[in-house]
Amino acid sequence: MIRFEDVSVTYDGAAEPTVRGIDFEVPEGELVLLAGPSGVGKSTVLGAVSGLVPHFTGGTLSGRVTVAGRDTRTHKPRELADVVGTVGQDPLSHFVTDTVEDELAYGMESLGLAPDVMRRRVEETLDLLGLSDLRSRPIATLSGGQQQRVAIGSVLTPHPDVLVLDEPTSALDPAAAEEVLAVLQRLVHDLGTTVLMAEHRLERVIQYADQVVLLPSSGAAPLLGSPADVMAVSPVYPPVVGLGRLADWSPLPLTIRDARRRAAPLRDRLADREIPARTPPAATLPPLPALRPAPASRWRRRGKAPQAPSGPTSYAAEVRSLAVRRDRIQALRHIDLTVSPGETVALMGRNGAGKSTLLSALVGLVEPSAGSVRAGDAVPHRTAPRDLVRRVGLVPQEPRDLLYADTVAAECAAADRDAEASPGTCRALLTELLPGVTDDTHPRDLSEGQRLTLALSVVLTARPPLLLLDEPTRGLDYAAKARLAGILRGLAAEGHAIVLATHDVELAAELAHRVVLLAEGEVIADGPAADVVMASPSFAPQVAKVLAPRQWLTVAQVREALA
């Protein structure tokens, strides 16, 4: 159904091809997973299937890509629309209408389908993706995860022969991700749809794949094989595979069920071992550097006059009886939350539970309708941005909200100036998080994960006492996530408080001292990370499910205990 024949893609102005020597075939009715480290060209390979590369992106494509017999070099994306449905990393760039129902119908209208067929398929898709309650909602009012489901639904309704999906579960909570993947599996098994998917969260998708195509970072030829064979040699792999490698299991398990069947000897070895503790740093940390006003050139929103501090506080963040209404929706209600210096708190919950709204309240982007919010000695929505930037920093879901320069070097230089940091501070952070990004690269030419990493480096340059991150691992591979976790641990050890909203249960297991679960705008659980995630089948990490009932959360904990 999809065939790559010695394909290379070189973008305009690039010295080297982004991908080279791509040669593989995706049979009809199979789900093939495209894996590899960040920045190896997975999005470019997917774009070549839909015709976006090179017709939309520019550059030169050598070799041949055919879909259902059509050459994508001679067929533009609109000439492939009846056979290929594409969902990119950024759902906002995908939408062309204002409401959920209209967006689901748009693709079918473009293809001229009959109204009765359109109506039936819209209803089917609303039910399949759990969007029925949102059918009349403006897309702009949806959470990032809800928008992702709408984007996927809009390409399902025309019933294409081929689906091309770039990070389809990156913004989804665990339950919603399982629903979407179950739908894709049903399309593959029951309708013979061919699916080519790139996804960094392999723990979610590897068990659904018929084959895996591994794109190595060395520029070597792609490796195509069964999931178990590829995972045995892949530099990126999910925790359950990492546990299998550590325990020397063969064949390697791909699912929790397979791992649990082999785990009895490992559980026996760990029975008398102490689980490495994860507690917040002691309260006697050295004080953070004194706050200094910073230029507000990067923070281009109106701010009110700063409010004089009312006295010292022992919390990096304090929320009392907070309620927030957004567009006539009660986004938050009765929220009580405190975050201490040196503490890492993970906000978790379904899409639309209020996680991003709570972060927005902490950084002053939304004003409470009731209750109070404090970030250190500041009331965020009453503090001028130039003063607030040294107290609290937010890395948003959409990194382009922070990026406006023409090159990576210019972004880093501006971050150093705004934070009054030593020249090269931002660049050093970026290099540590994501090696290999050159100074003259335009931020729009970076992958979604690379842009997110650049935005994170920009915010970390100011080293704010309170750091907020909204889905910080979206688009990051396991190696980049490990580097990010190391930097965040170091910041927490220095006394920085960290609050991250995430659907990445593995990140929460790796980093968080506490987990706060939100549902319908309310806190439904707040406690030590191990206690909260172990009590929830949806939010428990893979290692916890394999080694339950003891509270082992990560492969690193098991490795440390065995050592």
Checklist entry - Which residues in region 337-376 have a backbone N closer than 17 Å to a point placed 7 Å from the Cα of Ser536 along the Cα-to-Cβ line? => result 337-338, 344-359
Next on the checklist: How many angstrom lie between the Cα centre of region 433-504 and the Cα centre of region 1-42?
Outcome noted: 26
Item to check | Ratio Rg/Rh [Cα only; Rh per Kirkwood] for region 39-93 | outcome: 0.94
Checklist entry - Using a ≥ b ≥ c from the Cα gyration tensor of region 81-230 (square roots of the eigenvalues), is it rounded, prolate or oblate, where a/c under 1.5 gives rounded and otherwise the larger of a/b and b/c decides, a/b for prolate? => result prolate
Next on the checklist: Given the options Ile275, Pro115, Ala563, identify the residue whose Cα lies farthest towards the positive end of the charge dipole of the chain (+1 on Cβ of Lys, Arg; -1 on Cβ of Asp, Glu).
Outcome noted: Ile275
Checklist entry - Rg(Cα) of region 198-265 divided by 2.2 N^0.38 Å? => result 1.10
Checklist entry - Normalised by the residues of the chain, what does the relative contact order come to in percent, with Cα pairs under 8 Å and at least six apart? => result 15
Checklist entry - For the residue pair Glu420 and Tyr404, what label-to-label distance in nm results when each label sits 7 Å from Cα along the Cα-to-beta-carbon direction? => result 2.1
Next on the checklist: Can you tell me the convex hull volume per residue for region 486-563, based on C-alpha atoms, in Å³ to the nearest whole number?
Outcome noted: 103
Checklist entry - P(r) for region 370-456: what percent of alpha-carbon pairs falls in each 10 Å bin, starting at zero? => result 16, 44, 27, 12, 1
Checklist outcome for this item: Karplus ³J(HN,Hα) for region 366-373 (6.51 cos²θ - 1.76 cosθ + 1.60, θ = phi - 60°; Hz, whole; x = Gly/Pro) runs 10, 9, x, 8, 7, x, 9, 9
Item to check | Of Thr407, Leu517, His334, farthest towards positive along the dipole that unit charges on Lys, Arg, Asp, Glu beta carbons give the chain | outcome: His334
Checklist outcome for this item: Between the modelled labels at Asp440 and Ser226 (7 Å from Cα along Cα→Cβ) the distance in nm is 4.8
Next on the checklist: Which one, Val505, Tyr208, Val236, projects farthest toward the positive side of the charge dipole computed for the chain from Cβ point charges (K/R +1, D/E -1)?
Outcome noted: Val505
Next on the checklist: Using 0.36 nm times the number of residues separating Ile275 and Thr255, minus their current alpha carbon distance, what extension gain do you get?
Outcome noted: 4.9 nm
Checklist outcome for this item: Row for region 94-139, column shape: gyration tensor on C-alpha, a ≥ b ≥ c, rounded if a/c < 1.5 i.e. under 1.5, prolate if a/b over b/c, else oblate; value oblate
Checklist entry - Once every DSSP H run of n ≥ 4 in the chain is given -39500 (n - 2.57) and the sum is divided by its residues, what mean residue ellipticity at 222 nm do you get, rounded to the nearest 500 deg cm²/dmol? => result -10000 deg cm²/dmol
Checklist entry - What number, in percent, do you get for the relative contact order of region 19-172 if the mean sequence gap of Cα pairs under 8 Å and at least 6 apart is divided by its residue count? => result 26
Checklist entry - Which percent, nearest 5, of DSSP beta bridges in region 420-540 are antiparallel? => result 55
Checklist entry - How much length is gained if the chain between Ala182 and Ala548 is pulled fully straight, taking 0.36 nm per residue apart and subtracting their Cα-Cα distance, in nm to one decimal? => result 129.2 nm
Checklist entry - Scaled to the compact-protein estimate 2.2 N^0.38 Å, what is the alpha-carbon radius of gyration of region 149-209, rounded to two decimal places? => result 1.02
Checklist outcome for this item: Mean 1/r over distinct Cα pairs of region 139-179, inverted to a Kirkwood Rh in Å, yields 10.9
Checklist entry - How big is region 10-108 on each of its three principal axes, counting only the C-alpha atoms and giving the largest first in Å? => result 43, 31, 27
Checklist entry - Across the chain, how many lysine pairs separated by 8 or more positions, or lying on different chains, have Cα atoms within less than 29 Å? => result 6
Next on the checklist: With the cut-off at 1.5 for a/c, could you classify region 314-400 from its C-alpha gyration tensor as rounded, prolate or oblate?
Outcome noted: rounded
Next on the checklist: Would you report the distance distribution of C-alpha pairs in the chain as whole percents per 10 angstrom bin, up to the bin with the largest distance?
Outcome noted: 3, 17, 27, 27, 18, 6, 1, 0
Checklist entry - Given H placed on each backbone N at 1.01 Å, which residues far from Thr344 in sequence or on other chains put an amide H within less than 5 Å of it? => result Ile498, His513, Arg514
Checklist entry - Which value results when the Cα radius of gyration for region 413-472 is divided by 2.2 N^0.38 Å? => result 1.08
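Since every read-out is calculated from the coordinates, none of them should be taken as a lab result. Small disclaimer: the values here were computed from a predicted structure and weren't measured. Please note: Cβ atoms are built from the backbone with ideal geometry, for glycine as well, and neighbour counts cover all protein chains shown.
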